[in-house]
1. Residues to consider are GLY72, GLY35, GLY117; find the one that is touching a residue at least 24 places away in the same chain (Cβ under 8 Å) and under 29 Å from SER20 (Cα atoms).
2. Assigned to a loop (DSSP other than H, G, I, E, B) and touching a Ser or Thr at 6+ places or on another chain (Cβ under 9 Å): is that true of ILE28 in this structure?
3. Which pairs turn up if I take residues in region 230-251 that are more than 12 Å from SER18 (Cβ to Cβ) and look for partners that are of a type in the set (Ser, Thr, Tyr) and outside any helix (DSSP H, G or I) with beta carbon separation below 8 Å, at least 6 apart in sequence or on another chain?
4. When you go through (1) within 16 Å of the chain's Cα centre (by Cα); (2) over 19 Å from TRP84 (Cα atoms) one by one for HIS54, which number turns out not to apply?
5. Of the residues that make up region 210-222, is at least one within 21 Å of SER18 (Cα to Cα), modelled with pLDDT of 75 or more and surrounded by 14 or more Cβ atoms within 10 Å (Cβ to Cβ)?
6. Please report, ordered by residue number, the helices (runs of 4 or more DSSP H) entirely within region 33-113 with at least 3 residues that are modelled with pLDDT of 95 or more and within 29 Å of GLY138 (Cβ to Cβ).
7. Kindly establish whether ASP29 is among the charged types (D, E, K, R) and at pLDDT below 95.
8. Out of the residues in region 100-109 that are surrounded by fewer than 19 Cβ atoms within 10 Å (Cβ to Cβ) and of a type outside the set (S, T, N, Q), state the one that is farthest from SER12 (Cα to Cα).
Amino acid sequence: MPTVQLAIYDISGGLARSLSLQFVGTQIDLIPHTGVIIDGIEHFFGGGLQRQHHATFTSSHGIRPVEVKEMGATSKSSVEIDQWLRANDHRFTMSTYNLLSHNCNNFSHAFLTECLGLEGVPAYILNIPSQFLQSPMGAMVAPMLQNMYQPFSASVSQPSVNVPPPPSNASLSTSSTINGIDFSSLINNFQQQQPPPAPAAPLPVAPPPAAAPPAAPAPGDPYREQFETLEQMGFVDQLGAPRVKSALLQSCGDLAGAIDILGE
């Protein structure tokens, strides 16, 4: 019987885990995309129902799964699987796709449970959109996310049974733009959405003494907080501390600007 796996991806590239609490106000560990792998062929919902070799999908989109979950074996034949996909393709089209309410994870869940007779997508993945929308900032930026996101797609929506072989040793992207979302721009937008702090009530004070020159940042340690954030995001491990510090200096400590420089 065909073996079935669930490939779980994080389309934020780790940024959700590092920055969601700061910018959205709730901890979200990943922005998930899932695909169902049957004997090496990955089925997923993007611009309609799609399928590709799993290796071709990961190399062409520059993304690796954070987990490949074993779902078991299905008694369904390839003919029965194709019949189900054709009978349900009207449910999963470009026009019905919605990043937060009808997405790849909803397809994976329906495909696993309705067609293959297996356990569905883990609840924590299906609950992430509602968790995101329950936060005030999440609800505010949801329309922007929907407009920025481009669903994954294959070169052809329904390939023939003779699927082409996967490429060998394809490199993966390290850009800050992942699957149509420019996350550095998104960070800037989050920052702009943050309400300004309320002004403090003025206090009566004596006339100040002669102005002293502004204090300089700690020698050799500017932008420490931003550096630690980039370190948590994996930039230091990938590119080295000197390059990360140089990017922060060039951007005058602007986190999104530094990410843009590091992605060049």
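The values are calculated or read from the model by the stated rules, or taken from the named source; none is laboratory data. Please read all numbers here as calculations on a predicted model, not as lab measurements. Here Cβ is always computed from backbone atoms with ideal geometry, including for glycine, and neighbour counts include all displayed protein chains.
1. Working: GLY72 fails: under 29 Å from SER20 (Cα atoms); GLY117 fails: under 29 Å from SER20 (Cα atoms).
Every option except GLY35 fails the conditions.
2. Values: assigned to a loop (DSSP other than H, G, I, E, B): yes; touching a Ser or Thr at 6+ places or on another chain (Cβ under 9 Å): yes.
When the stated conditions are applied, ILE28 passes them.
3. GLN238/THR174; LYS245/TYR223; LEU248/TYR223; LEU249/TYR223
4. The number of the failed condition is (1).
5. Residues of region 210-222 within 21 Å of SER18 (Cα to Cα): 222.
Filter again for modelled with pLDDT of 75 or more, leaving none.
There is no residue in region 210-222 that is within 21 Å of SER18 (Cα to Cα), modelled with pLDDT of 75 or more and surrounded by 14 or more Cβ atoms within 10 Å (Cβ to Cβ).
6. Qualifying helices (runs of 4 or more DSSP H): 104-110.
7. Working: among the charged types (D, E, K, R): yes; at pLDDT below 95: yes.
For ASP29, the condition - among the charged types (D, E, K, R) and at pLDDT below 95 - is met.
8. So the first thing to find is which residues in region 100-109 are surrounded by fewer than 19 Cβ atoms within 10 Å (Cβ to Cβ), and the list is 100-102.
Then drop every residue that is not of a type outside the set (S, T, N, Q), which leaves 100, 102.
On the way: LEU100: 15, HIS102: 19 Å.
This residue is HIS102.
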